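Everything on this sheet refers to the single structure shown next.
Please treat every number below as a calculation from the coordinates, not as lab data. Quick caveat: nothing in here was measured; it's all calculated off a predicted structure. As a convention, Cβ positions derive from the backbone with ideal geometry for all residues, glycine included, and neighbour counts pool all protein chains shown.
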Amino acid sequence: MRSTAYLGHASIALGLLAGSLALAHEDDPKAFEKRTPNLNPSWRLDVDGPNDGLAGAGSGITLAANITMPEIDSGQDGNDCWGYTSPSGREYAIMGTTGGTSFIEVTNPGNPQIIQYIDGPNSLWRDVKTYGSYAYIVTEGGGGIQVVAMNNIDNGSVSLVNTITTGGGAATHNVAIDPVRGLLARCGGGSSGLRIYDLFVNPTNPPFVGEWSDEYVHDAQIHTMSTGPYAGRTIAFCCGGLNGGSTNTGLDIVDISSPSNPVRLGGMQYPGGAYCHQGWLSDDEQYFYINDELYSGTSSTFIVRVSDLTNPVYVTRWTNNNAAICHNLYVQGDLIYCANYRSGLRILDRSNPQALTEVGFYDTYPANDGQSFNGLWSCYPYFPSGTVIGSDIESGLFVWSTDLSYVNFEVTQLDDPMASAGGTVGVQLEANDTTLDPSTAVAVFNDGSGTQQISLDTSDGVNYTGTLPALECPGTLTIRFAVFDTEGELYESEVSTVGISDGSDVIADDDFNNSAGWTAETTASVGGWERAIPSDDTISVDQCSAPGTDADGSGYCWVTGNGVSTFGCEFDIDGGATVLTSAVYEVTDINAVASFSWWYDNTSANNTEYDDDFIIEVSSNSGASWTTHAVISNGNSAGTGWTRESFPVSDYASVGDGLRLRFTASDNDPGSVVEAGIDAFRIETILCDDGGIPGDIDGDGQVDGSDLSICLGFWGPCAGENCPADLNGDGLVDGTDLSTILGYWTTDP
């Protein structure tokens, strides 16, 4: 269990700027976005001083400057950016606009200076990369490849030294360069895939040496592998697909070591793919992280394992549950820097490469985080100083200083359930860019009787432990970990929740490998509840949605409209409601708890108003009447996965009552995409020790031969109130229970 806390900083925000031109690919929505110019003056910290009064939002990173579009290229929009570090160590931002390209020194991030502007074809889509002391600029507006020499940039001058027009059409969407092999590839532009040039041969007039045109390539990373069976080979990781990239969208891996004869090694399509826009390889060459610009759900990073280049494997989709569209991302060590349009710069920790954590952000478009094509277009995190830049469509160049301080909290010990007598909790702390004060580490917890805290001890400054006191039972324990650094800044983990009990008697435990007495009815035209192994409908390019797997790993669950679509989302619920009703369960103890896992998504394709509620109801009289337990109006399980839900049965029923649950999923007019799932239903009686000595079965205040005899007399399968020797509540009297008795022995055996 891992979470990350980060240090917040003051932030500023500025406004917004207009522009639109030729299409980058068929139906590219950016061309039609309404934009409001940000005409505010530029702000430089070292010149203008702090200005925390400006609206904005940020955490974990500090804004040093914002050079707005009127200063960069008046009347134009911003687009892509890249960076260059000269041999002297001075650092420069290279930012594209609809009119050309601006070169800006950011060596002092608090006082950037514009060096020079290179005019170019008029286009909303401009891209730039560097090789040696040269910048290579392309656009959808044509013009081939502009070659700009930067060898004199420290003296305030860059110069356009050539324009390359070989290799087919003049339009290009993106440019990719491998700095090791010196290969440049033009991506996109019409229906093109990769058009490859050799910079190593001649950086100012590179020859056209080959192409790969099996599919449209929207963007690519070209990388010479350093490890594995393809070490030394130059590989193109291509984001694209057919029909301009919108059909069969995904990742293609192409060996371009011999540019005249490219070889596709492998490829994959990820669930829910709508338009594979851009991605970047991890430093260890094991994972590729992808942005999908038209994905219908929340801001998402698709994680693909590429340890075998011939068989890339989709791992998972990570989301921060923000609505903004993801555009460009770059990996730098254990961090991923994401330019996510209206939510601005998002920084993710990939220490666990398959479970990302957001550790910092700066919102360049504070008005809202809607799914529109405004705000931050791209970013660049590779300056040796650690300075990070970002290019914003309406608001120009953002320059951030690196003071990203955060602490990873890795929970190493937390029993679930936690015993009523308390117990040991443990956490591992890993600090970035800060020094922790070990004496301040605490666990803050609440067992229902109020918030308390305990101090944590450490012998190595990394692994911390503490002991919880006796807890209220039965109950729920919430706990978080916290620590100060030596500067007095507080870092806190996410909250973890576990139960409090000393065992349980199971009344019902249904994994739905059989119907378990549950029934389904439907008034919907299609998509009713069925007990099945769930299909993953999200592999359809139609942006369907489905659980893909059950919740408990048994294989089966109850799911609506199970099946894989071949046209549209014909297996989701349509035209009404479908109702799943449980069997009747007799409650046998006031401490009984019911739990289940649910999956519900009504945020996929065509959902403009999320008015298709998922209703969970409980009956205490075998279904004669019903009480609403929960209404989920905006389910996003496609982004968050299965949710575990539990409640005390006593909230609705008394001992001896007939408990029943009912789940209603609907898709009312106008039709949209709605799917649901239920799994892992369980009712259990929570057992709590009465405060006596563990192992004192007969309650005489001692653990002795009498208790040993009782244990041996019940040896074997044995559960329930009439089995006092089942000390851990696992339904079996065995060596575990015997060990408890011997461990608490109070007389000489």
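What spacing in nm lies between the two simple spin-label points modelled at N152 and D308, each 7 Å away from Cα in the Cβ direction?
Label at N152, label at D308, 5.5 nm between them.
I need S666, S739 ordered by Cβ neighbour count within 10 Å, fewest first.
Ordered by Cβ neighbours within 10 Å, fewest first: S739, S666.
How much FRET efficiency would the formula 1/(1 + (r/R0)^6) give for S88 and S260, where r is the Cβ-Cβ distance and R0 is 51 Å, rounded to 0.05?
The value I calculate is 0.85.
Here are several values of mean projected area of the Cα convex hull in nm²: (1) 39.8; (2) 28.4; (3) 36.1. Which one was derived from the coordinates shown?
Given (1) 39.8; (2) 28.4; (3) 36.1, the structure-derived one carries the label (3).
Would you order I693, I222, I479, I118 from fewest to most other beta-carbon atoms within 10 Å of each residue's own beta-carbon? Don't jump to the answer; show the numbers that get you there.
Numbers: I693 16, I222 26, I479 22, I118 19.
Fewest-to-most ranking of I693, I222, I479, I118: I693, I118, I479, I222.
So if each residue of separation counts as 0.36 nm, and I subtract the Cα-Cα distance between V47 and T435, what length gain in nm does that give?
On the way: separation 388, 0.36 × 388 = 139.68 nm, distance 3.08 nm.
Residue separation times 0.36 nm, minus the Cα-Cα distance, leaves 136.6 nm.
Two decimals is fine: what is log10 I(q)/I(0) at q = 0.13, 0.18 Å⁻¹ for the range 331-389, from a Debye sum with one equal scatterer on every Cα and no solvent?
For the requested q values the scattering log ratios are -0.35, -0.64.
Sort 487-496, 76-85 by the packing proxy (mean of other Cβ within 10 Å over each peptide's residues), most packed first.
Highest to lowest by the protection proxy: 76-85, 487-496.
Applying 1/(1 + (r/R0)^6) with R0 = 30 Å to the Cβ-Cβ distance of C723 and S650, what FRET efficiency is obtained, to the nearest 0.05? Show your work: numbers first, answer last.
Working: r = 23 Å, r/R0 = 0.77.
Calculated transfer efficiency: 0.80.
Peptides 459-471, 424-436: what's the order by average Cβ count within 10 Å, highest mean first?
Going by the mean number of other Cβ atoms within 10 Å, highest first, we get 424-436, 459-471.
Sorted by mean Cβ packing within 10 Å, highest first, what order do the peptides 722-732, 120-130 take?
120-130, 722-732
Nearest 20 debye, what's the magnitude of the dipole of the chain about its Cα centre given +1 on Lys and Arg Cβ and -1 on Asp and Glu Cβ?
Dipole size: approximately 3620 debye.
For Y92, Y362, what's the fewest-to-most ordering of other Cβ within 10 Å of each Cβ? Don't jump to the answer; show the numbers that get you there.
On the way: Y92 25, Y362 28.
Listed from fewest to most nearby Cβ atoms, that is Y92, Y362.
Could you calculate the FRET efficiency of E494 with I693 from 1/(1 + (r/R0)^6), where r is the beta carbon distance between them and R0 is 41 Å, rounded to 0.05?
Efficiency at R0 = 41 Å is approximately 0.70.
Treat each spin label as a single point 7 Å out from the Cα along the C-beta direction, and report the V584 to T746 distance in nm.
Each label point lies 7 Å from its Cα, and together they span 4.6 nm.
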